[in-house]
Amino acid sequence: ALPICLGLNPLTKPLAYLKLNGKLVLYALKDATEQLRKLHGVSIASVTNQRFDDVFVVTATAADRNGRTDAATGAVSLAGLRGEALANALMKAETKAKRRVTLSICGLGLLDETEAETIPDAQPVVDAEPSAPVGFAAWWQVWLGTAAQGIEALQTSWHAALPEFRAW
């Protein structure tokens, strides 16, 4: 239900859970931040970087369609990295910064997956929420397509749906 409240497509599984200190913690996946940028008209206005010894820090500044701005950083350790591993770390710092600023400007105090994977003892939780019933995704797409036919068609289609689809 939370992805729908945020305007996210739940079929893309934009959010996931971590078990952290004995609690379930919600975090945003790549799809969440990409969808949030589109929904809220968020643009990455600038990206800057600095290196402090073995730490590479990227700062991303974003603006939304109302002109509000925000900035966030992403940092990675470069200690001992060379070649492709170094290149991937540099890109990861930029990704972290962009995702963090997106969540921040959208008013969401969630971790993003690039942060979640760096937390010691954090364990991704598989299927923390029940899975959609078999066939739900296809039915959902058809049901959404029915919207063009008007509210009566939507209501008829809804009432004709399997009870488990309506419940989900």
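The values are calculated or read from the model by the stated rules, or taken from the named source; none is laboratory data. Model, not experiment: these values are computed from the prediction. Virtual Cβ from ideal backbone geometry, glycine too; neighbours counted across all protein chains shown. Each accessible area value is taken on the protein alone, full model and side chains, heavy atoms only, with ligands, DNA and RNA left out. Shrake-Rupley method; radii C 1.70, N 1.55, O 1.52, S 1.80 Å.
Rounded to a whole number of µm²/s, how large is the Stokes-Einstein D of the chain at 20 °C and 1.002 mPa s, given Rh as the Kirkwood radius over C-alpha pairs?
Rounded, D is 117 µm²/s.
In the range 1-152, with Lys and Arg counted as +1 and Asp and Glu as -1 at Cβ, which of these residues, 146, 15, 102, has the Cα nearest the positive end of the dipole, that is, farthest along it?
It is 102, whose Cα lies furthest towards the positive end.
In deg cm²/dmol and to the nearest 500, what is the mean residue ellipticity at 222 nm of the chain if only DSSP H runs of at least 4 residues count, each as -39500 (n - 2.57), divided by the residue total?
So the calculated ellipticity at 222 nm is -11500 deg cm²/dmol.
At 1.4 Å probe size, put 13, 98, 19 in order of accessible surface, largest to smallest.
My answer, sorted largest first, is 13, 19, 98.
Per residue, what accessible area does the chain have, given a 1.4 Å probe and all protein chains present, in Å²?
That works out to 61 Å² per residue.
How large is the dipole of the chain about the Cα centre if only Lys and Arg carry +1 and Asp and Glu carry -1, each at its Cβ, rounded to the nearest 20 debye?
300
Separation between the residue 79 and residue 118 pseudo-spin-labels, each 7 Å from Cα along Cα→Cβ, expressed in nm?
1.3
Between residue 57 and residue 91, how many nm apart are label points set 7 Å from Cα along the C-beta direction?
Simple spin-label model gives 2.5 nm for this pair.
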